[in-house]
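Q: Next up is a structure, given as structure tokens.
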Amino acid sequence: MNILFIYPKYPDTFWSFSNVLKFVRKKAAFPPLGLLTISSMLPKEWSKKLVDINVNELKNEDINWADMIFISGMIVQKDSIRDIIKKCNGKKIVGGGPVFTTGHEKFEGVDHFILNEAEITLPLFLKDLEEGKLKKIYTSEEKPDVTKTPIPDWNLIDFKDYSTMAIQYSRGCPFNCEFCDIIIMNGRVPRTKTPEQLMNELDSLKDAGYKGSIFIVDDNFIGNKKNVKEMLRRLIKWQKKNKHNFKFLTEASVNLADDEELLSLMSVANFDKVFLGFETPSNESLKECKKLQNVNKDLVAGVRKINQYGMQVMGGFIVGFDNDGEDIFDIQIKFIQEIGVVTAMVGVLTALPQTRLWYRLKAEERLLKDSTGGNTDGDLNFIPKMNKKKLMDGYSRLVNTIYSRKNYYERIDTFLKNYTPTSKSKASMDEFHAFISSLWRIGIISKARFYYWRLILKTSIFKIRSLPTAIELAIIGMHFEKVSRKI
């Protein structure tokens, strides 16, 4: 059996980093971890290929070679998925992953859907395939034991194509935010891999020759604090044994700042970035969306504490809640500048399918259309309480204000004042190439050159150990500036 895995095109969004990948000589930010893991679940005797359209073109000979085609992706990739289905017409197509799990009925031309978590539903599909009685849909509400999940099939990719590798430690989140679809797909009880299991995955990456950054893709890495602390202690030993081979970034909840033991363990284990969902400084809007873990928190102090443990905080922010007044845009601008989160992903609230927000707005007859899956594209899929034009004009002004060169570099200054770099990793050749490229592309020909040189000189004099981070933020700023202009 010849299996072709196809990963759809990721549009040019906040997280695509498409405008800066050339600095580090990469084609895409992250590999398709889901498909790599599915490959390891299929019979070993089957032949497998992967075409990541973000990296390589899908050719007719690839399609002709395949007996069956597996497609996975997120909602934001749905247009590319439909193009792939059309191009692969006539072949057996199997769809799985988030976009199909919450909306398989939206896709024609797919022969079989393997929904929810594949550790449960894929074996059912394979059994029926062997017996020659395949069904259209395979679904289950059962949550699998992730300690049985195999190591991803790294043989399907070329590490040189990607700026960061991806692994998963846990699934699920204990919180219940109204707009979030994570609990719809993965539940509210965090399930974790064993420390030994995760070390084996790191060994597999190291043995395959990978060096660099690893994104632990958990939607809340610290959802099970007891287990994650045990794992981190083991990871620290692994890192020391392997001379701090990897840098890590992940996503967590803001209560990370309340746990100094956890912060210390992550710092020693070589975590240098963490994404936090701030959403809004408005307590009323936080209560509205049931993000109660953020209510009445000193978020400025929390960010500064995390920075002091050597981790750069990236943040998510939302406007468009029912409780948002017309002053929310200025409030968010002031908050983002004060908090010093350089990488600030600001989006308009979107109702993702099957979330509690989606059901509420549907009951209120306020849903307008399906979500694009990208909350930074300025698309609005529901009727807001605020005047629509005022909401969209305010959002556009907010994004373009925080990503103006002046405000962006001010946030870098605020961040660096509180940042204590702790990374033990040496700079890679790709990072050195990025620095050399930035000297020309930003330092000479960019309109941001004044801010760039001031940042480089100031950091070199006062915080030399932070210079690699300062250069990285200057480069990434070019991408954010272009994305904000589109908005």
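Q: Looking at (1) assigned to a helix (DSSP H, G or I); (2) buried (at least 20 other Cβ atoms within 10 Å of the Cβ), which is the one condition that is false for L276?
A: Single failed check for L276: (1).
Q: Is it the case that K241 is out of contact with any Cys (no Cβ under 8 Å at 6 or more places or on another chain) and closer than 16 Å to M314 by Cβ?
A: no
Q: How about the range 373-400: which of its residues are under 17 Å from K334 (Cβ atoms) and either touching a strand residue (DSSP E or B) at 6+ places or on another chain (Cβ under 8 Å) or buried (at least 18 other Cβ atoms within 10 Å of the Cβ) (or both)?
A: G394, Y395, L398, V399
Q: Given the conditions (1) without any contact (Cβ under 8 Å) to a residue 24 or more places away in the chain; (2) surrounded by fewer than 16 Cβ atoms within 10 Å (Cβ to Cβ); (3) in contact with a helix residue (DSSP H, G or I) (Cβ under 9 Å, 6 or more places away or on another chain), which single one is not true for I456?
A: Failed condition: (2).
Q: Given the conditions (1) buried (at least 18 other Cβ atoms within 10 Å of the Cβ); (2) part of a loop (DSSP other than H, G, I, E, B), and given that G325 satisfies all but one, which numbered condition is not satisfied?
A: Answer for G325: the failing condition is (1).
Q: Find the residue count for the range 104-119, including only residues that are at negative phi and touching a residue at least 60 places away in the same chain (Cβ under 8 Å).
A: 4
Q: Taking into account only those residues within the range 151-169 that are over 18 Å from K49 (Cα atoms) and in contact with a helix residue (DSSP H, G or I) (Cβ under 7 Å, 6 or more places away or on another chain), which is modelled with the lowest pLDDT?
A: Across the range 151-169, the extreme among qualifying residues is S163.
Q: Within the range 144-187, can you find the residues that are part of a helix (DSSP H, G or I), over 19 Å from the mean Cα position of the chain (by Cα) and surrounded by fewer than 20 Cβ atoms within 10 Å (Cβ to Cβ)?
A: Answer for the range 144-187, where residues must be part of a helix (DSSP H, G or I), over 19 Å from the mean Cα position of the chain (by Cα) and surrounded by fewer than 20 Cβ atoms within 10 Å (Cβ to Cβ): T147, K148, N155, L156, K160.
Q: Right, something else. Out of all the residues in the range 251-267, is one or more within 24 Å of K426 (Cα to Cα) and in contact with an Asp or Glu (Cβ under 8 Å, 6 or more places away or on another chain)?
A: yes
Q: Mind checking which residues of the range 336-355 are crowded, with 19+ Cβ neighbours inside 10 Å and either β-branched (V, I, T) or not in a loop (DSSP other than H, G, I, E, B) (or both)?
A: Within the range 336-355, I336, I339, V341, V342, T343, A344, M345, V346, G347, V348, T350, T355 qualify.
Q: Any residue at all in the range 453-462 that is in a helix (DSSP H, G or I) and within 27 Å of the chain's Cα centre (by Cα)?
A: The answer is no; no qualifying residue exists.
Q: Count, please, the residues in the range 178-196 that happen to be touching a residue at least 24 places away in the same chain (Cβ under 8 Å) and either more than 21 Å from T372 (Cβ to Cβ) or not assigned by TED's automatic domain parsing to the domain that holds V228 (or both).
A: 10
Q: When you look at K133, is it in a loop (DSSP other than H, G, I, E, B), at pLDDT 95 or above, assigned by TED's automatic domain parsing to the domain that holds I38 and more than 21 Å from C88 (Cβ to Cβ), yes or no?
A: Judged against the criteria, K133 is a match.
Q: Please state which one of L4, L50, L21 is within 23 Å of the chain's Cα centre (by Cα), over 22 Å from I184 (Cβ atoms) and surrounded by 22 or more Cβ atoms within 10 Å (Cβ to Cβ).
A: Exactly one of L4, L50, L21 is within 23 Å of the chain's Cα centre (by Cα), over 22 Å from I184 (Cβ atoms) and surrounded by 22 or more Cβ atoms within 10 Å (Cβ to Cβ), namely L50.
The values are calculated or read from the model by the stated rules, or taken from the named source; none is laboratory data. Here the structure is a predicted model, which means the values were calculated and not measured. Don't worry about glycine lacking a Cβ; one is built from the backbone with ideal geometry, like all the others, and counts go over all protein chains shown.
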